[in-house]
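The values are calculated or read from the model by the stated rules, or taken from the named source; none is laboratory data. All figures in this text were calculated on a predicted structure; none of them were measured in a lab. Using ideal geometry, Cβ is built from the backbone for each residue, glycine included, and neighbour counts are taken over all protein chains shown. These accessible areas exclude ligands, DNA and RNA; they are computed on the full protein's heavy atoms, side chains included. Shrake-Rupley method; radii C 1.70, N 1.55, O 1.52, S 1.80 Å.
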Amino acid sequence: ADAHGAQGEVEEEVRAYEEARRILELTGTLETKDGALVLTNLGLAHGKNGNPKAELEVFELAKKVREKTGTAQTAEGKKLAATIHLLKMNAKKAAAKAKA
């Protein structure tokens, strides 16, 4: 696949997870383990799409859902927390580099 095709697939992935998120919000089921999974996948799609700010925002929301559902200490919850930490560290490095 060429780069444009791959980019289109990633954009479609973001749209699909955004739609899933919207449905979960409408049905009042976003704050569930499944909701956390959809949010995590949406964050990953934003990351693949080159949007680290949106990626971090959605991951933070997924973390809050995991905390509310008691799933923050699962393997998925711990991986999410580690990924958030890494994204924040990368953002700080990028900000410091921009100031230099």
Residue ID - farthest from ALA75 (Cα to Cα), chosen from residues in segment 30-45 that are out of contact with any Lys or Arg (no Cβ under 6 Å at 6 or more places or on another chain) and open to solvent by 50 Å² or more (accessible area, probe 1.4 Å): LEU44
ARG15 being without any contact (Cβ under 8 Å) to a residue 60 or more places away in the chain, assigned to a helix (DSSP H, G or I) and open to solvent by less than 80 Å² (accessible area, probe 1.4 Å): no
Flag for GLU25 being part of a helix (DSSP H, G or I), surrounded by fewer than 18 Cβ atoms within 10 Å (Cβ to Cβ) and over 10 Å from the mean Cα position of the chain (by Cα): yes
When residues of segment 48-100 are limited to those that are of a type in the set (Gly, Ala, Ser), surrounded by 10 or more Cβ atoms within 10 Å (Cβ to Cβ) and not in a helix (DSSP H, G or I), the one farthest from the chain's Cα centre (by Cα): GLY70
